[in-house]
Ligand SMILES: Nc1ncnc2c1ncn2[C@@H]1O[C@H](COP(=O)(O)OP(=O)(O)OP(=O)(O)O)[C@@H](O)[C@H]1O
Ligand SMILES: [Mg+2]
């Protein structure tokens with residue numbers, strides 16, 4: 001469970017997060033909002049790249065903000081980025097193993113865990129192929145495998161389906177849906193694809209101008225008047 | 001979690017790197033090349049070129065170090081020539097002041113240079129790109145200034161070991177097994193190979209993966225749990241260590257060191273040849289060493305002014321940055337393949353109407 005209370009972030013005159021409070025209970029939670037609402041900034045706060053000027057975040061009972069950024073990954077905060085981050089000159093295996101070797105996990109289980117994660121995202125083909133040789137959809141899967149290998153506690157996915165064709169989004173949807181059960185982690189999913197969000201998220205929170213606009217069961221939230229109004233002109237609500 | 005044991009066709013990482021026949025051929029070529037360089041080459045060359053080749057080997061190691069910083073981690077440092085000067089100074093001092101064996105001196109020089117060279121690179125923890133390049137260049141300049149007042153040790157006493165310019169100056173000691181120029185060349189090549197192995201072990205291992213991640217994106221590396229500060233320091237330390245060892249080889253190779261031979265702009269030219277040779281590849285370091293020390297020796301022998309080199313390097317860097325970012329080592333095989341296809345096309349003359357590319 002992730003408890004966010006009164007988190008405020010300022011960049012000079014901009015306030016991308018303005019007293020955000022929300023609780024992500026368990027399973028897969030959606031986080032939506034128009035462009036510039038502060039979703040990525042919130043992920044950056046969870047990752048430790050951005051220090052909020054106020055507020056607290058408790059993750060599974062621990063004060064997350066007290067942890068140094070690179071230690072949060074070891075503790076279990078994993079993420080994908082809006083821009084692709086799989087490393088081209090390394091193989092799929094090395095890309096995933098790298099996360100494992102910087103986690104608290106023992107080296108003895110590495111091979112099994114890494115191949116398990118690659119299998120979990122259903123990446124077909126040679127796990128020792130260079131990421132350079134993969135297509136966009138497969139690279140996205142490599143990033144998801146990186147986010148779930150070892151023992152993740154909280155997986156943050158920042159627009160994982162952006163730019164993917166429908167059948168690859170379908171594949172990704174099944175993979176994401178399996179994360180809590182098979183990898184034992186809670187997921188927060190940011191995406192503009194409302195059909196993806198409503199298909200996998202039990203609950204969804206809506207950000208607008210850095211404030212929480214609504215949160216609750218996904219279907220209810222997506223029917224909310226204020227949410228529809230916030231999205232008008234930017235995105236269609238499916 | 002699904003069991004991974006089912007996937008029996010998966011090879012362990014080390015196997016996937018050595019199994020292909022191409023790798024074996026490449027290995028054989030490397031071994032033959034090394035045997036040629038070690039056994040045949042020194043006796044084929046005049047002393048002038050043996051001396052040049054010692055320097056090529058030395059600067060290949062320096063380029064290798066700079067290649068780690070620029071190519072692997074993405075830190076553009078312009079201080080490496082000064083780091084080399086530190087290594088040469090420390091080695092010369094130890095060789096005059098002690099009777100330690102040459103390998104021990106190389107090791108000690110590598111370690112001392114590692115500490116000092118890492119200090120030169122410390123700004124890399126805070127900045128990147130142009131700012132880092134400028135500040136390391138300024139530090140290199142400062143080191144050059146200090147060296148021009150302290151001079152290089154020449155058998156004198158005291159901390160600096162400098163005896164003044166006009167006394168009889170003994171040459172810097174060489175190992176007894178490598179007293180002649182030819183033998184010292186072989187010695188230098190062997191030490192250089194060891195440095196390549198040291199770097200290879202890092203690049204293929206955990207640090208190499210961490211560096212690749214940092215170069216890609218610092219935040220993604222942090223999100224992967226990588227202590228980016230530690231691994232940047234590690235890269236700086238490794239580069240400085242091997243450059244310090246190279247400094248010891250330079251001292252033994254030259255036998256006399258003068259501070260006027262170490263100028264700040266060497267760092268810039270060094271970066272230029274590393275970019276031209278190919279900063280992402282270890283072969284690129286060898287090309288960089290040849291460009292930096294063999295080409296000038298050749299031109300000098302032919303009586304061509306060295307100003308042409310500066311122009312050539314300028315053009316070469318532009319070319320590398322605009323059309324061949326991975327350097328000659330990457331571009332040359334492609335050009336050769338293209339040339340081969342052209343030639344084959346010519347020989348065939350009017351091939352039967354079969355669609356062929358190129
Ligand atoms: N490092 C930064 N410095 C200054 N302003 C920033 C910085 N990062 C984000 N912002 C601003 O903060 C606001 C929120 O940005 P953020 O990236 O969190 O939005 P988002 O909800 O992820 O949008 P999108 O859906 O487009 O990805 C924007 O106005 C953005 O311009
Ligand atoms: Mg965003």
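Bear in mind that the values in this text are calculations on the coordinates, not laboratory data. Predicted, not measured: the structure shown is a model, and the values here were computed from it. Virtual Cβ from ideal backbone geometry, glycine too; neighbours counted across all protein chains shown.
Bridges between two residues of the protein assembly as shown, per DSSP, are antiparallel at a rate of about 55%.
Note on region B:79-139: the alpha carbon radius of gyration divided by the globular reference 2.2 N^0.38 Å gives 1.32. Each 10 Å bin from zero holds the following percent of Cα-Cα pairs in region B:177-216: 29, 30, 21, 16, 5.
Could you tell me the relative contact order of chain B? Use alpha-carbon pairs under 8 Å, at least six residues apart, and round to a whole percent.
Relative contact order comes out at 28 percent.
Calculated from DSSP H runs of 4 or more alone, at -39500 (n - 2.57) each and per residue, what is the 222 nm mean residue ellipticity of the protein assembly as shown, nearest 500? Spell out each step's value before the answer.
Details: 25 runs with 323 residues, N = 596.
It comes out at -17000 deg cm²/dmol, rounded to the nearest 500.
In the protein assembly as shown, the alpha-carbon atoms span a convex hull of 215 Å³ per residue.
Could you give the length gained by full extension between residue A:220 and residue A:181, i.e. 0.36 nm per residue of separation minus their alpha carbon distance, to one decimal place?
Result: 11.6 nm gained on full extension.
Per residue, the convex hull around the alpha carbon atoms of region A:107-238 comes to 126 Å³. Spherically averaged projected area of the convex hull of Cα atoms, chain B: 24.6 nm². To the nearest ten degrees, helix A:166-178 and the longest principal axis of the Cα atoms of chain A are 90 degrees apart.
Could you tell me what fraction of 2.2 N^0.38 Å the Cα radius of gyration of chain A comes to, as a two-decimal ratio? If you can, show how the numbers build up before the last one.
Details: Rg = 17.4 Å, N = 238, 2.2 N^0.38 = 17.6 Å.
Working it through for chain A, the quotient is 0.99.
The Cα atoms of region A:1-129 cover 48, 31, 26 Å along the three principal axes, with the biggest extent listed first.
Look at the alpha carbon pairs under 8 Å that are at least 6 residues apart: their mean separation over the length of region A:147-238 gives a relative contact order of 24 percent.
Can you pull the mean other chain C-beta count within 10 Å for peptide A:68-77?
On the way: counts 2, 6, 10, 3, 3, 6, 4, 1, 1, 2.
Per residue, the average neighbour count from other chains is 4.
Rounded to a whole number of µm²/s, how large is the Stokes-Einstein D of region A:106-161 at 10 °C and 1.306 mPa s, given Rh as the Kirkwood radius over C-alpha pairs? Once the numbers are plugged in, D ends up at 132 µm²/s.
Mind checking the full-extension length gain between residue B:265 and residue B:101? Use 0.36 nm per residue of separation minus the Cα-Cα distance, one decimal, nm.
Gain on stretching residue B:265 to residue B:101: 55.7 nm.
In terms of overall dimensions, region B:244-300 has a Cα radius of gyration and Dmax of 12.3, 34 angstrom.
The residues B:262, A:60, when put in order of fewest to most other Cβ atoms within 10 Å, stand as A:60, B:262. Shape summary: region A:61-134 maps onto an equivalent ellipsoid whose semi-axes, from the alpha-carbon gyration tensor, are 25, 15, 10 Å in decreasing order.
Rank these for me by crowding, B:308, A:75, going from fewest to most other beta carbons within 10 Å. Before the final figure, lay out the partial values.
Numbers: B:308 11, A:75 19.
Ordered from fewest to most neighbouring Cβ atoms within 10 Å, B:308, A:75 come out as B:308, A:75.
With all pairs of separate Cα atoms included, region B:24-175 yields a Kirkwood hydrodynamic radius of 17.8 Å. Taking all Cα pairs closer than 8 Å and separated by 6 or more residues, the relative contact order of chain A comes to 26 percent.
Distances over 12 Å make up what percent of all Cα-Cα pairs in region B:24-80? Could the numbers behind the result be given before it?
Values: 1174 of 1596 pairs.
The calculated P(r) of region B:24-80 puts 74 percent of pairs beyond 12 Å.
From the alpha carbon centroid of region B:257-292 to that of region A:46-97 is 38 Å.
Computed from the mean reciprocal separation of all distinct C-alpha pairs, what Kirkwood hydrodynamic radius does region B:199-273 have, in Å? Spell out each step's value before the answer.
On the way: mean 1/r = 0.0681 Å⁻¹.
One decimal place: 14.7 Å for the Kirkwood radius.
Using a simple spin-label model with pseudo-atoms 7 Å out from Cα toward Cβ, residue B:126 and residue B:28 lie 5.5 nm apart. Volume of the convex hull of region B:105-249 (Cα atoms only), normalised per residue: 136 Å³. Each Cα pair of region B:179-317 feeds into the Kirkwood radius, which the Stokes-Einstein equation turns, at 10 °C and 1.306 mPa s, into a diffusion coefficient of 92 µm²/s.
Centroid-to-centroid, using Cα positions, region B:84-120 and region A:159-196 are 56 Å apart.
How high is the FRET efficiency from residue B:36 to residue A:82, r the C-beta distance, R0 51 Å, rounded to 0.05? Provide the component values of the computation, followed by the final result.
Details: r = 52 Å, r/R0 = 1.02.
The value I calculate is 0.50.
Using a Förster distance of 41 Å, how high is the FRET efficiency between residue B:230 and residue B:180, based on the Cβ-Cβ distance and rounded to 0.05?
Values: r = 44 Å, r/R0 = 1.07.
Computed FRET efficiency for residue B:230 and residue B:180 comes out at 0.40.
Which percent, to the nearest 5, of DSSP beta bridges fully inside chain A are antiparallel? Approximately 55 percent, going by the DSSP bridge assignments.
Computed over region B:257-351, the convex hull of the alpha-carbon atoms projects to a mean area of 8.6 nm².
Principal-axis analysis of the Cα atoms of chain B puts helix B:307-322 at an angle of about 40° to the longest axis.
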